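What follows is one structure encoded as structure tokens, with my remarks underneath.
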Amino acid sequence: MSKLNRRAFLASGAGAALALSANPRIVVGQTNEPIRLGVVTPLSGPQEFIGSFVKNGAEVAVDLINKAGGVRGRPLALEFRDEKANPAAATTVARELLGMGINLQLGTIASTVALAYGPLMQAENGINLTCGAGSEKINHENYSPHVFRIGDGTYRMRAQARMMAEKFPDVTSWTGIIPDHEYGRTVWAIYVDGLLEFYPKITGKQPQIVDPIIVPYGSGDYRNFITQAARTEARGIVNATYGGDAATFFQQARPFGLFNNRILMDVANEFIVANALKTQVPKHWTGTHWYYGASASPIGESFYKAYVAKTGNKMPMGWAGEAQAAVAAYAAAIAKTGSTETKAIIEALKGLSYDTVTGARTIRAEDNQAIKDLEMIQIEPDASAADVGFKVSDYVKIPGAGVIEPATPGQAMVLRKSS
Amino acid sequence: MSRSHATRFLVILVILTAAALLLPFAANRGLVFLAGVIAINVVLGLAFNLLFSTAGLLSFGQATFSASGAYAAALLLLRAPEVPFLAVLVIAAATGAAIAFAIGFVALRRTEGVYFAVLTLAFAELVHVIIAKTSFFGRNDGLTGIQRPRIGPLDLAQGNAYYVFVILVTALLIAVLWWVTHSRLGRSFRAVRLDPMRAAFLGIDVRRRQLEAFAISGACAATAGALMGPLTSIVSPDLAHWGESTKPILFTLLGGAGHFWGPLVGAIVFSAVEYGTRSLAGASDLITGGLLLAVVLAIPGGLLGLATLGVRRLQARPAAPSEAALPLAPAASKGETL
């Protein structure tokens, strides 16, 4: 055995020091330091109320994982930043987090922000998991391997159309209350696609699509549009107006009896409109990212209990569940690969099957879109529910695999259109 | 324009540019990115102040020009990548100048003062709506996937190359705006601002000068806006929102409208406060708004006005303490300094 001389000793020592300093904590388990996840979500402004569900949901999810021993023995820690639902503000804080070495991020709810993250994360070697951004472009024409939608995609609209075909086979004429906005038009186009596929398949009847009522954003007076909708022969109405607009529209529609003999399918207001209108809320269906009362999984039950204990809110909305699914996705990917390095996590996330508050979900490897069960709830007024004034009177779950559109990363979705 | 003024300006510009170029050695990627955004905001503030303090035109529609440059550059980078980036910047500047000229042509024809300001706001909102509803401009989602370009053999996507480019181009734009402000053209802008009728009697074509000021401001704002797309990788209708038009006004009021460097100080302080309070969700906007209110109400000359006042008082005290109150006149009324 040759003798170790001074030069060889120094050279090997320097090499070892360089190797250790390059990225000493890439391999999980070598340290007890927390694994930091960045949460970039609206924490101020008009979308703060959604961001608060993401924030609380992520905190509760991390608390539960840490209480159970963390990920490979290391606790998770969250670093929050306010994106203000603005792409410029969001990219600034995302870059700041990347500069701090936090490459694993989650929490985006705005489509423009999620779309901006694709090239940013690709260039800066980070990952973002969106918690509710709705644009179909995220996993189609603007697909980026560094952005994952771990929750509902636009295929929830197809699930809502399928549920209508199953539950209301005789309601074959449909129109929409559609905000004059990209999101509204996309939602309507995909809902029509679902109606045209599932009504013939399930009921044997061809649905009649009535031109939707296009309404402006932020209008205080929807009465002209309401009378226009009331004149149509459509027996089903899909509503894509949102938040305060939807509450105003529903309230003004009461004297006209617009929803009296029609089925109302709301796209995504969850409890927003019901919380505003209480006993005045019309009976309607709405899509939700996660319904806490479904008890879809043991994780969902323990998450709900911890969420109520932390926030006191007994009716959390679905974005909290999306945040749980995002934190759980990172935890599962880190546990699987034993690394927090971007390339390894992307590989681990693609095709990953894991448990969430809504049950099992799988991230489709081709376009980073999660396949999960889609949840719909029926809300109706209930004067006996003293504190809220409404109740959830029905719940339906549609398996995602039967309604999700084909993966076409880099290409636009192809949709059925009414003739 | 005196030589000492020009030398002093160049020294300050070189120091600021050097400090910005050295930043990547001391700060993380997030701060470097933020510094790039601030540099662009500085030009937007200075371009606004050329109109406001020099030409006497209050424009509430500056976001139209920066957004037009941003969209022109983004469209060319995405759909005609063979066009050299320097040519893209020139086209963006020309787009901003043309739109400014068109809006100015209509707005200046019949209105002035507050009516002119409201009309610029109306045009800005019109442009915002057109962008948000036109598929060519990507509607509400905007245009995404804008890559950082190459300039000949230089790949601006590598490391901090694009940041360095942004700093150099913004420094050049600042120099252009300073030169315009202090040139014969700038003096004629001031003459029009101070007394349009007297300026007209002196042979100055008032409307033409105002249109020129509008077009130059629009071209500079559009060039700065063109730098934004490759920096953030997206351009969205938010860039043309009226809220963006208020920012250059805030930078100017905060820093001091009567000083050439006022908008720069305002943009840096505004961003520093926003950054410093970023983790105080909800309180951040309150603190920023409260600061602006305090500055505008308590020190109408802005931060630079206050600093100038402090320096003058210090200089005046030992020589003639009884005259210390003399420099109390608002800095803005003394015309721009430096």
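The values are calculated or read from the model by the stated rules, or taken from the named source; none is laboratory data. Small disclaimer: the values here were computed from a predicted structure and weren't measured. Here Cβ is always computed from backbone atoms with ideal geometry, including for glycine, and neighbour counts include all displayed protein chains.
Could you list all residues from the range A:62-78 that are farther than 19 Å from A:S339 by Cα and either within 14 Å of chain B (Cβ to nearest Cβ) or part of a helix (DSSP H, G or I) (or both)? Break it down stepwise before answering.
Here is the first cut: in the range A:62-78, the ones farther than 19 Å from A:S339 by Cα are A:63-64, A:67-68.
Within the range A:62-78, A:D63, A:L64, A:K67 qualify.
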### Query
In the range A:103-122, which residues are more than 7 Å from every other protein chain (Cβ to nearest Cβ) and in a helix (DSSP H, G or I)?
A:V113, A:A114, A:Y117, A:M121, A:Q122
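Taking A:N139, is it more than 30 Å from A:V414 (Cα to Cα), among the polar types (S, T, N, Q) and more than 12 Å from chain B (Cβ to nearest Cβ)?
Working: more than 30 Å from A:V414 (Cα to Cα): no; among the polar types (S, T, N, Q): yes; more than 12 Å from chain B (Cβ to nearest Cβ): yes.
It is false that A:N139 is more than 30 Å from A:V414 (Cα to Cα), among the polar types (S, T, N, Q) and more than 12 Å from chain B (Cβ to nearest Cβ).
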### Summary
If we keep only residues of the range A:123-135 that are crowded, with 24+ Cβ neighbours inside 10 Å and more than 11 Å from the chain's Cα centre (by Cα), then the residue nearest to the other protein chains (Cβ to nearest Cβ) is A:N128
### Task
Could you tell me which numbered condition B:S271 fails, if it satisfies all but one of (1) surrounded by 22 or more Cβ atoms within 10 Å (Cβ to Cβ); (2) under 17 Å from the mean Cα position of the chain (by Cα); (3) within 14 Å of chain A (Cβ to nearest Cβ); (4) modelled with pLDDT under 95?
(1)
### Query
For the range B:121-144, how many residues are more than 20 Å from B:S245 (Cα to Cα) and either away from chain A (no Cβ under 13 Å) or touching a Gly at 6+ places or on another chain (Cβ under 7 Å) (or both)?
2
### Task
State whether the residues of the range B:162-179 include one that is at pLDDT below 90 and surrounded by fewer than 15 Cβ atoms within 10 Å (Cβ to Cβ).
no
### Message
Where the second residue is hydroxyl-bearing (S, T, Y) and the first is under 18 Å from B:R8 (Cβ atoms) and lies in the range B:168-197, which pairs have Cβ atoms under 7 Å and are six or more apart or on separate chains?
### Response
B:A171/B:T17; B:T181/B:T54; B:G186/B:T54
### Task
List every residue pair whose Cβ atoms sit under 6 Å apart, with the two residues 6 or more apart in sequence or on different chains, where the first one lies in the range A:150-178 and is farther than 30 Å from A:A365 by Cβ and the second, anywhere, is of a type in the set (D, E, K, R).
A:V171/A:R235; A:T172/A:K205; A:S173/A:E233; A:S173/A:R235
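So if I check each of A:V93, A:V71, which one is closer than 18 Å to A:A328 by Cα, in the same structural domain as A:K343 (by TED's automatic domain parsing) and modelled with pLDDT of 85 or more? Give the steps one after another, and end with the answer.
Details: A:V93 fails: closer than 18 Å to A:A328 by Cα.
Result: A:V71 is the single residue among A:V93, A:V71 that is closer than 18 Å to A:A328 by Cα, in the same structural domain as A:K343 (by TED's automatic domain parsing) and modelled with pLDDT of 85 or more.
Of the residues B:A26, B:A39, B:A87, which single one is within 14 Å of chain A (Cβ to nearest Cβ), free of Cβ contacts under 8 Å to residues at least 24 places away in the same chain and either farther than 16 Å from B:L168 by Cα or not acidic (D, E) (or both)? Can you show your working first?
Values: B:A39 fails: free of Cβ contacts under 8 Å to residues at least 24 places away in the same chain; B:A87 fails: within 14 Å of chain A (Cβ to nearest Cβ).
Step by step, each of B:A26, B:A39, B:A87 is checked, and only B:A26 is within 14 Å of chain A (Cβ to nearest Cβ), free of Cβ contacts under 8 Å to residues at least 24 places away in the same chain and either farther than 16 Å from B:L168 by Cα or not acidic (D, E) (or both).
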### Query
For residues in the range A:166-182 being surrounded by fewer than 19 Cβ atoms within 10 Å (Cβ to Cβ) and not in a loop (DSSP other than H, G, I, E, B), which is farthest from the chain's Cα centre (by Cα)?
A:S173
### Query
Checking B:L156 against (1) in contact with a Leu (Cβ under 9 Å, 6 or more places away or on another chain); (2) within 14 Å of chain A (Cβ to nearest Cβ), which single condition isn't satisfied?
(1)
### Task
State whether the residues of the range A:207-223 include one that is surrounded by 15 or more Cβ atoms within 10 Å (Cβ to Cβ) and in contact with an Asp or Glu (Cβ under 6 Å, 6 or more places away or on another chain).
yes
### Task
Scan the range B:275-305 for residues that are free of Cβ contacts under 8 Å to residues at least 60 places away in the same chain, closer than 14 Å to A:A89 by Cα and surrounded by 17 or more Cβ atoms within 10 Å (Cβ to Cβ) and report the count.
4
### Message
Within the range B:185-291, considering only helices (runs of 4 or more DSSP H) that don't extend past its boundaries, which have at least 3 residues that are within 30 Å of B:Q147 (Cβ to Cβ)?
### Response
B:206-232, B:242-255, B:262-276
### Query
What tally of residues in the range A:128-155 results from selecting those that are over 14 Å from A:L104 (Cα atoms), at pLDDT 90 or above and of a type in the set (S, T, Y)?
3
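Within the range A:73-91, can you find the residues that are at negative phi and buried (at least 24 other Cβ atoms within 10 Å of the Cβ)? Working first, answer last.
Filtering the range A:73-91 for residues at negative phi gives A:74-83, A:86-91.
Listed by number, the residues that qualify are A:R81, A:D82, A:E83, A:P87, A:A90, A:T91.
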### Task
Given the conditions (1) crowded, with 19+ Cβ neighbours inside 10 Å; (2) part of a loop (DSSP other than H, G, I, E, B); (3) within 12 Å of chain B (Cβ to nearest Cβ); (4) at pLDDT 90 or above, report the number of the one that A:G51 does not fulfil.
(2)
### Message
If I ask for residues that are away from chain A (no Cβ under 14 Å), among the β-branched types (V, I, T) and in contact with a helix residue (DSSP H, G or I) (Cβ under 6 Å, 6 or more places away or on another chain), which ones from the range B:219-251 would you list?
### Response
B:T223
### Query
Is it the case that some residue within the range A:205-214 is touching a helix residue (DSSP H, G or I) at 6+ places or on another chain (Cβ under 6 Å), at pLDDT below 95 and within 14 Å of chain B (Cβ to nearest Cβ)?
no
